[in-house]
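Visitor: Got a structure for you, written out below as structure tokens; questions coming shortly.
All of the numbers you see were taken from the coordinates with simple rules; none came from a lab. Bear in mind that the values here come from a model prediction, so they are computed numbers and not experimental data. Note that each Cβ is placed from the backbone with ideal geometry, even for glycine, and that neighbours are counted across all protein chains shown.
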Amino acid sequence: MTPTYILIILLLLSTAGYYLGRRRALAVVEGTGGPKVLHSRPVYYGALTALWCAVPTLFIFSFWLVCESTVITDMVLSKLPETIQSLPADRLNLVMNDIKNLVNGNIVSGEENADLQAAADYYQYLRSLSQGALFVLISVICIGAVSILQNRIRPELRARNHVERVIYYILIACSVLAIFTTIGIVLSVLYESIRFFKIIPVQDFLFGLKWSPQTAIRADQVGSSGAFGAIPVFIGTLLVSAIAMIVAVPVGLMSAIYLSEYANRKFRAYAKPLLEILAGIPTVVYGFFAALVVAPVIRDSGALMGLDISSESAMAAGLVMGVMIIPFVSSLSDDVINAVPQALRDGALSLGSTQSETIRHIVLPAALPGIVGGVLLAVSRAIGETMIVVMAAGLSANLTLNPLKTVTTVTVQIVTLLVGDQEFDSPKTLAAFALGLLLFVVTLILNVIALYVVRKYREQYE
Amino acid sequence: MYQASETINHKVETKMTENPLPGKRKSQLVDRNVRETVGQAKVPNFRMRCENVNVYYQFGEKKAINNVTLDIGKNEVIAMIGPSGCGKSTFIRCLNRMNDTIEGCRVEGTILLDDTDIYDKKIDVVPLRARIGMVFQKPNPFPKSIYDNIAYGPKIHGLVQNRQETDELVEQSLKRAGLWNEVKDRLTQPGTGLSGGQQQRLCIARTIAVNPEVILMDEPCSALDPIATAVIEDLIDELKKEYSIAIVTHSMQQASRVSQRTAFFHMGDLIEIGPTDQIFLSPLHQLTNDYITGRFG
């Protein structure tokens, strides 16, 4: 009786509750005027019964699953021999892990012995006991809910109002869930960042001009002491994103203008999906395209002009990233340009403006809030993009605005800091969280500024 | 009101002479199945002349206007009435080639503005539309300030050279549209913030700012309340001193109040055209009679 089965049974019971509730509602009014005597339509009585079954049992189910493991672990521990119980906490953890591995049939770290095997058997026993109990509990609740409602269903029961109230709370719960997830992520990043700032002062991080996160882990190791100045990394991010936007905004916007204002319907029907395919290409494909095709081309053409360009450059990454976000800008702009009422275009045309004057003076200003929104989405995408930059822009944190040099970005650094085996209390690892936090703050500020711009514009014109 | 002009359709001409206008009985009306235009479509002193105009939609699959011949006289207001979908809006949009913007729409026949064929290949549609202004059913001020709404047209046509000229033109246009006193203190505020009737007068002011010869109005009052409508109607009366005006309207009272001639459209055909009094008091065609007496529409 695994949790999956219990969940399926719970759903089956709720479904049965739905049909029973609906049938009951119809039976109650049988012969006394039919469904129109009921306060709500029969489906609502069914839905109410199903909700009575599903909502409390789902709560119990999730609560049970959360607590089960802890409770069982404690019970198993208390049964272990004294010698094991007196072990220090981290060793005890290891033993507990072994027991769980035994239960699941995995390989154990130490030798298997009788004590462990006994504990594993006990664990197994407790778990099946708990799941059996859960099954019985859930079934009882469902059956109880159905039988209570079977008695309660009367024509005057306001089933629709009850159901809608429950749905209302479910909607609230969903939005709250999203908010809490965000808060949770921010808090965890913040917590680790504070640990980082205890080792490296905030001002060194924010205003330091040198980024070199390699630190010596052991005393006998050769390695630098580490430098955690975030500025070169952020300059790298800004440089690559700026190049990407320089490519994506004009191309995307103009293709949107062409598609929505000039192209005939047939061309548009084919061109728009084709353009949107660009958005469907995995970024890793763009990444090797950038590293293997674009970067060498840039290097070679630079060599022709006598420029010394490294084979990994901000230019290569930025150009390819720009191509990647063209569909964001173009698709969103196309939608908002299409949403500008035809009446405005007619008005401008009937005054004798040309099509291009109409677009420049009337349509684009009216669509600007939406276009700004699309561009912002593209900016966030550019700042957060990792794969292309890892492959095409390099890893060395040069403090430079020269797009032909190797640069690195925040996301790339986070990846390199956290990839592989890492200890979790060195500044090197913690720096990733600080970078993440800073990136989050920067993106947030960008969004706020953009919202402000858009709102100001709207107030002026609507 | 108008001198007898060229005959458009001999059969109609005959019928008209057979039936003297006043005091006709129903049996003497032109039969409802006759689709040829009844009445004098042409006037000697015309500003625009449409001859045998056909309009097709959806790449020729649907015919919206069928062989319409109609003149718009100088300094007259001509009203176009008819049930929904009869083609009166389509027709009026042909007069400044607004139908060009509709994909799959084709216009046949000749439409003259003074002596130039506006559908001639050599004609540039952009200056043409500046000569034939249009006011739409729903007020459509640009998302700009009141001032810029008026100044926009003159600026793109180079009618004004500097700020002072622009100021004067804006003031003059708003005054002629009867809006100046209401908005003179808030010219920098968005035009979309005005009330519906004010917005429509703003659109009229915007249209007359580029100094057109003809103004087309496509149900200009259908989104407005009676008071705003009355203001616009007075304005139309005023404007006809300088412009020729073609107005499409759903309201027969409005047509009888503002126009000198009225054209009745039905299912793409121009059924009857004549002096407004005659159309409303003693129509010649059975369909016109049915429509103005409220039998259908």
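Visitor: Of all residues in the range A:293-347, which are assigned to a loop (DSSP other than H, G, I, E, B), more than 34 Å from the chain's Cα centre (by Cα) and away from chain B (no Cβ under 14 Å)? If you could, list the steps in order and put the result at the bottom.
Guide: In the first step, residues of the range A:293-347 are kept if they are assigned to a loop (DSSP other than H, G, I, E, B); the result is A:305-313, A:340-341.
Filter once more, keeping what is more than 34 Å from the chain's Cα centre (by Cα): A:305-310, A:341.
Once the filter is applied, which keeps residues that are assigned to a loop (DSSP other than H, G, I, E, B), more than 34 Å from the chain's Cα centre (by Cα) and away from chain B (no Cβ under 14 Å), the range A:293-347 yields A:Met305, A:Gly306, A:Leu307, A:Asp308, A:Ile309, A:Ser310.
Visitor: Please work out if B:Gln198 is under 29 Å from A:Lys456 (Cβ atoms) and polar (S, T, N, Q). First the steps, then the outcome.
Guide: Working: under 29 Å from A:Lys456 (Cβ atoms): yes; polar (S, T, N, Q): yes.
It is true that B:Gln198 is under 29 Å from A:Lys456 (Cβ atoms) and polar (S, T, N, Q).
Visitor: Within the range A:390-438, restricting attention to residues that are touching a residue at least 40 places away in the same chain (Cβ under 8 Å) and of a type in the set (D, E, K, R), which residue is nearest to A:Arg195 (Cα to Cα)?
Guide: A:Asp425
For (1) within 20 Å of B:Cys221 (Cβ to Cβ); (2) away from chain A (no Cβ under 13 Å); (3) of a type outside the set (Lys, Arg), each residue gets a yes or a no:
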{"residue": "B:Ile81", "(1), (2), (3)": "yes, yes, yes"}
{"residue": "B:Met98", "(1), (2), (3)": "yes, no, yes"}
{"residue": "B:Thr101", "(1), (2), (3)": "no, no, yes"}
{"residue": "B:Gly109", "(1), (2), (3)": "no, yes, yes"}
{"residue": "B:Leu113", "(1), (2), (3)": "no, yes, yes"}
{"residue": "B:Thr116", "(1), (2), (3)": "no, yes, yes"}
{"residue": "B:Arg129", "(1), (2), (3)": "no, no, no"}
{"residue": "B:Gln137", "(1), (2), (3)": "yes, no, yes"}
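Visitor: So which of B:Ile150, B:Ile232 is within 14 Å of chain A (Cβ to nearest Cβ), of a type in the set (Val, Ile, Thr) and out of contact with any strand residue (DSSP E or B) (no Cβ under 7 Å at 6 or more places or on another chain)? Outline the logic, then answer.
Guide: Working: B:Ile232 fails: within 14 Å of chain A (Cβ to nearest Cβ).
It is B:Ile150.
Visitor: Exactly one of (1) surrounded by 19 or more Cβ atoms within 10 Å (Cβ to Cβ); (2) part of a helix (DSSP H, G or I) is unmet by A:Leu275. Its number?
Guide: (1)
Visitor: So if I check each of B:Cys94, B:Cys86, which one is crowded, with 20+ Cβ neighbours inside 10 Å, within 14 Å of chain A (Cβ to nearest Cβ) and touching a strand residue (DSSP E or B) at 6+ places or on another chain (Cβ under 9 Å)?
Guide: It is B:Cys94.
Visitor: So which residues in the range B:267-289 are under 20 Å from B:Gln28 (Cβ atoms) and surrounded by fewer than 24 Cβ atoms within 10 Å (Cβ to Cβ)?
Guide: B:Pro275, B:Asp277, B:Gln278, B:Phe280, B:Leu281, B:Ser282, B:Leu284, B:Gln286, B:Asn289
Visitor: Among the numbered criteria (1) touching a residue at least 60 places away in the same chain (Cβ under 8 Å); (2) more than 14 Å from every other protein chain (Cβ to nearest Cβ); (3) touching a Leu at 6+ places or on another chain (Cβ under 8 Å), which single criterion is violated by A:Leu377?
Guide: (1)
Visitor: State which residue is nearest to the other protein chains (Cβ to nearest Cβ) when the search covers only the range B:153-174 and only residues that are assigned to a helix (DSSP H, G or I) and farther than 21 Å from B:Leu194 by Cα.
Guide: Step by step, filter the range B:153-174, then rank; the result is B:Ile156.
Visitor: What pairs can you find where one residue is in the range B:88-117 and touching a residue at least 40 places away in the same chain (Cβ under 8 Å), the other is in a loop (DSSP other than H, G, I, E, B) and hydrophobic (A, V, I, L, M, F, W, C), and their Cβ atoms are less than 6 Å apart, with a gap of 6+ or different chains?
Guide: Every condition considered, the pairs that remain are B:Asn99/B:Cys105; B:Gly104/B:Phe59; B:Ile111/B:Ile118.
Visitor: Can you say whether A:Leu12 is part of a helix (DSSP H, G or I) and loosely packed, with under 15 Cβ neighbours inside 10 Å, as far as the supplied structure shows?
Guide: Taking the combined requirement at face value, the residue satisfies it.
Visitor: Against the definition (outside any helix (DSSP H, G or I) and farther than 30 Å from A:Ala173 by Cα), how does A:Val108 come out, yes or no?
Guide: yes
Visitor: Within the range A:34-44, can one find any residue that is at positive phi, more than 32 Å from the chain's Cα centre (by Cα) and loosely packed, with under 12 Cβ neighbours inside 10 Å?
Guide: The answer is yes, given that some residue of the range A:34-44 is at positive phi, more than 32 Å from the chain's Cα centre (by Cα) and loosely packed, with under 12 Cβ neighbours inside 10 Å.
Visitor: What number of residues within the range A:38-62 satisfy the criterion of being hydrophobic (A, V, I, L, M, F, W, C) and in a loop (DSSP other than H, G, I, E, B)? Spell out the reasoning first.
Guide: Of the residues in the range A:38-62, the ones hydrophobic (A, V, I, L, M, F, W, C) are A:38, A:43, A:47-48, A:50-55, A:58-61.
Imposing the further condition that a residue be in a loop (DSSP other than H, G, I, E, B) reduces the set to A:38.
Total meeting the criteria: 1.
Visitor: Being surrounded by fewer than 12 Cβ atoms within 10 Å (Cβ to Cβ), more than 33 Å from the chain's Cα centre (by Cα), part of a helix (DSSP H, G or I) and not acidic (Asp, Glu) is the requirement here; does A:Asn161 meet it?
Guide: Values: surrounded by fewer than 12 Cβ atoms within 10 Å (Cβ to Cβ): no; more than 33 Å from the chain's Cα centre (by Cα): yes; part of a helix (DSSP H, G or I): yes; not acidic (Asp, Glu): yes.
The answer is no for A:Asn161.
Visitor: Further, regarding this structure: Say whether the condition of being acidic (Asp, Glu) and more than 24 Å from A:Ala263 (Cα to Cα) is met by at least one residue in the range B:76-99.
Guide: Taking every residue of the range B:76-99 in turn, at least one turns out to be acidic (Asp, Glu) and more than 24 Å from A:Ala263 (Cα to Cα).
Visitor: Is there a residue in the range A:354-374 that is away from chain B (no Cβ under 14 Å), part of a loop (DSSP other than H, G, I, E, B) and more than 18 Å from B:Asn140 (Cα to Cα)?
Guide: no
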